[in-house]
Ligand code: ADP
Ligand code: MG
């Protein structure tokens with residue numbers, strides 16, 4: 001390699017850098033959170049890889065993060081002993097944008113153009129490594145991978161379109177393993193190089209990092225030193241002019257020194273006793289771990305022992321993710337899997353939760369799985385099957401808790417964001433119908449605005465009513481105007497309005513709730529339990545010919561024409577056959593095949 005090589009940033013990085021340097025002025029302190037989170041990722045990666053490749057740990061240095069400040073020169077240095085980067089990795093990682101977080105950020109900024117680059121967005125996304133340029137004129141990254149025998153230096157400046165890479169030659173700057181990032185702060189941001197400020201930021205932003213973070217702090221202790229008495233003072237003492245002997249006196253002085261101070265709490269929150277963790281702590285943990293800015297709607301912290309041992313904290317978010325989420329093929333990274341406190345992966349959501357519950361976030365720490373666990377192992381594992389069952393159960397308890405909460409808004413919010421997921425659950429998880437059904441909500445003929453639960457429906461049933469009635473339609477208005485509703489309204493039977501296309505399929509999968517069948521009121525054989533056979537016979541005789549005549553006129557357009565006892569004011573109604581699709585289902589199927 002040449003002694004120093006120059007590289008151009010990828011276009012997206014240039015755009016991002018430009019934005020960071022010229023448009024983002026608030027929330028700048030997130031740079032520290034981002035750099036610490038990268039250091040922590042690098043340490044996690046090393047610990048994980050060393051399970052199968054112990055040689056990676058041949059340098060006997062502790063896994064930690066150290067932050068030093070030089071207040072006079074406005075310099076912050078952040079050193080980790082993680083996996084480091086090879087020369088190739090430096091080019092790949094710090095010159096291009098591969099990670100989804102940053103790409104998402106750019107998209108969000110584009111979408112909120114009118115408000116400019118919002119400071120909230122940067123808080124939310126962080127924009128990773130490049131946020132170093134929020135506060136720095138120049139950033140130097142010196143890094144040593146255990147896979148390489150050389151240490152390399154990446155150097156970039158705030159207003160440049162290129163960066164350089166060279167080999168570290170200064171013997172004083174060599175590190176055994178990991179990465180050292182040096183920030184040369186902008187004139188106006190030199191205040192960040194204050195030891196106490198850094199300490200506070202670490203406490204604020206990184207209390208849940210599971211590696212020790214040390215900050216370089218000035219300490220002092222007072223000691224007594226003996227000093228000679230001030231001769232001037234002696235003279236004042238006029239009566240004792242003849243006294244010549246010197247009086248000894250002591251004085252307190254403060255001795256200053258610097259040392260590394262442990263600044264964060266390293267015990268993972270899920271190992272603590274749930275009784276001793278406050279709601280605020282769970283909320284903070286959630287927001288920091290999952291980069292969220294709203295508190296969760298609910299959390300659940302539990303330990304299971306016996307057959308399978310694991311600890312977990314689960315959360316229900318207050319909002320579904322930005323942009324359109326794909327609930328059929330979620331790629332969420334919502335569940336972080338640990339084995340004996342070592343972070344393994346956040347790619348195993350699908351193994352630990354059914355996809356319709358993919359919105360649940362959390363950490364799971366198992367004592368039974370091997371550290372080198374892979375997707376294949378997870379899919380085969382009996383332990384994982386048991387874990388999955390427990391996790392799902394806990395998730396339902398948590399959601400049920402929201403529905404029972406005094407704060408009704410919470411469940412409305414939940415339903416608005418994740419109701420669709422539960423309906424999908426009716427299709428995909430027959431074993432849990434009992435748990436899903438009480439959580440469902442619908443509007444009805446007696447409650448068009450406020451959604452009701454199936455339990456509320458049952459409470460409101462008439463004594464002579466056997467079934468749960470529903471009608472599927474495009475919207476409340478067309479449900480309300482359906483002729484098949486007339487008879488039921490007359491009898492004062494409540495009818496569920498299934499407005500969401502997936503509602504009807506969900507209900508058909510449930511089949512019944514608390515031993516009451518779901519009955520579609522638009523089907524031809526609707527039995528309201530009030531058949532008067534004598535009278536029907538009479539009417540059939542009287543109007544049989546009329547029906548034949550109408551059928552003849554309509555020909556193949558209808559399957560049959562029959563006399564109905566279901567109408568009170570409309571002269572006729574179009575219904576689906578008993579075994580046919582309902583009109584709504586037909587619409588749905590059409591929409592899907594288009
Ligand atoms: P992200 O962390 O989302 O991947 P960043 O912009 O924060 O995005 O970092 C980009 C990449 O640079 C990381 O994925 C990692 O590969 C590499 N990187 C950054 N900091 C370090 C570090 N301290 N040690 C090792 N690799 C790092
Ligand atoms: Mg990062």
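Identify the residue in region 358-381 that is part of a helix (DSSP H, G or I) and surrounded by fewer than 20 Cβ atoms within 10 Å (Cβ to Cβ) and, among all such residues, is farthest from the chain's Cα centre (by Cα). Give the steps one after another, and end with the answer.
Going through region 358-381, the residues part of a helix (DSSP H, G or I) turn out to be 375-380.
Filter again for surrounded by fewer than 20 Cβ atoms within 10 Å (Cβ to Cβ), leaving 375-377, 379-380.
Values: 375: 21, 376: 25, 377: 25, 379: 23, 380: 27 Å.
By that ranking, first place goes to 380.
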Which condition breaks for residue 73 when tested against (1) away from ligand 1 (no atom under 14 Å from the Cβ); (2) modelled with pLDDT of 95 or more; (3) closer than 30 Å to residue 293 by Cα; (4) outside any strand (DSSP E or B)? (3)
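Can you tell me which residue among 270, 260 is in a strand (DSSP E or B) and at pLDDT 85 or above? Even if it seems obvious, please write down each step before you answer.
Values: 270 fails: in a strand (DSSP E or B).
Residue meeting the stated conditions: 260.
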Look through region 98-128, keep the residues that are buried (at least 22 other Cβ atoms within 10 Å of the Cβ) and modelled with pLDDT of 70 or more, and return whichever of them is nearest to ligand 2 (Cβ to nearest atom). 127
Where residue 56 falls short, out of the listed (1) surrounded by fewer than 22 Cβ atoms within 10 Å (Cβ to Cβ); (2) in a strand (DSSP E or B): (2)
May I ask you to list the residues in region 60-99 that are over 28 Å from residue 198 (Cα atoms) and out of contact with any strand residue (DSSP E or B) (no Cβ under 7 Å at 6 or more places or on another chain)? 86, 88, 89, 92, 96, 98
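Of all the residues that make up region 356-381, how many are without any contact (Cβ under 8 Å) to a residue 12 or more places away in the chain and out of contact with any helix residue (DSSP H, G or I) (no Cβ under 9 Å at 6 or more places or on another chain)? Lay out the reasoning, then the answer.
As a first pass, look at region 356-381 and keep what is without any contact (Cβ under 8 Å) to a residue 12 or more places away in the chain: 374, 376-377, 380.
Next, from what is left, pick out any that are out of contact with any helix residue (DSSP H, G or I) (no Cβ under 9 Å at 6 or more places or on another chain): 374, 376, 380.
Residues in region 356-381 being without any contact (Cβ under 8 Å) to a residue 12 or more places away in the chain and out of contact with any helix residue (DSSP H, G or I) (no Cβ under 9 Å at 6 or more places or on another chain): 3 in total.
Picking from 97, 83, 20, 36, which residue would you name as being within 25 Å of the chain's Cα centre (by Cα), assigned to a loop (DSSP other than H, G, I, E, B) and within 15 Å of ligand 1 (Cβ to nearest atom)?
Numbers: 83 fails: within 25 Å of the chain's Cα centre (by Cα); 20 fails: assigned to a loop (DSSP other than H, G, I, E, B); 36 fails: assigned to a loop (DSSP other than H, G, I, E, B).
Unique residue meeting the criteria: 97.
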Kindly indicate whether residue 408 is more than 22 Å from residue 296 (Cβ to Cβ) and modelled with pLDDT under 95. no
Would you please name the residue that is farthest from residue 50 (Cα to Cα), looking only at residues in region 136-160 that are touching a strand residue (DSSP E or B) at 6+ places or on another chain (Cβ under 6 Å) and in a loop (DSSP other than H, G, I, E, B)? 158
What pairs can you find where one residue is in region 382-398 and exposed (fewer than 15 other Cβ atoms within 10 Å of the Cβ), the other is part of a helix (DSSP H, G or I), and their Cβ atoms are less than 8 Å apart, with a gap of 6+ or different chains? 393/435
Yes or no: residue 27 more than 11 Å from ligand 1 (Cβ to nearest atom), surrounded by fewer than 18 Cβ atoms within 10 Å (Cβ to Cβ), modelled with pLDDT under 95 and in a loop (DSSP other than H, G, I, E, B)? yes
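When region 495-517 is examined, which residues are found to be without any contact (Cβ under 8 Å) to a residue 60 or more places away in the chain, over 20 Å from residue 474 (Cβ atoms) and touching a strand residue (DSSP E or B) at 6+ places or on another chain (Cβ under 8 Å)? Explain how you work it out, then say what you get.
Quick first cut of region 495-517, residues without any contact (Cβ under 8 Å) to a residue 60 or more places away in the chain only: 495-497, 499, 508, 511-512, 515-517.
Add one more test, that the residue is over 20 Å from residue 474 (Cβ atoms), and what stays is 511-512, 515-517.
Those that are without any contact (Cβ under 8 Å) to a residue 60 or more places away in the chain, over 20 Å from residue 474 (Cβ atoms) and touching a strand residue (DSSP E or B) at 6+ places or on another chain (Cβ under 8 Å): 511, 512, 516, 517.
Do we have any residue at all in region 172-183 that's more than 16 Å from residue 36 (Cα to Cα) and either modelled with pLDDT under 95 or assigned to a helix (DSSP H, G or I) (or both)? Please lay out each step first, then the result.
Keep residues of region 172-183 that are more than 16 Å from residue 36 (Cα to Cα), which gives 172-177.
So of that shortlist, the ones also either modelled with pLDDT under 95 or assigned to a helix (DSSP H, G or I) (or both) come out as 172-173.
Yes, some residue in region 172-183 is more than 16 Å from residue 36 (Cα to Cα) and either modelled with pLDDT under 95 or assigned to a helix (DSSP H, G or I) (or both).
Can you name the residue in region 74-92 that is within 16 Å of ligand 2 (Cβ to nearest atom) and within 13 Å of residue 179 (Cα to Cα) and is also surrounded by the most Cβ atoms within 10 Å (Cβ to Cβ) among such residues?
80
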Which is over 28 Å from the mean Cα position of the chain (by Cα) and free of Cβ contacts under 8 Å to residues at least 60 places away in the same chain, of 167, 157? 157
Can residue 242 be described as within 28 Å of residue 41 (Cβ to Cβ) and modelled with pLDDT under 90? no
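The values are calculated or read from the model by the stated rules, or taken from the named source; none is laboratory data. Model, not experiment: these values are computed from the prediction. Counting neighbours? That spans all protein chains shown, and the Cβs are built from the backbone with ideal geometry, glycine included.
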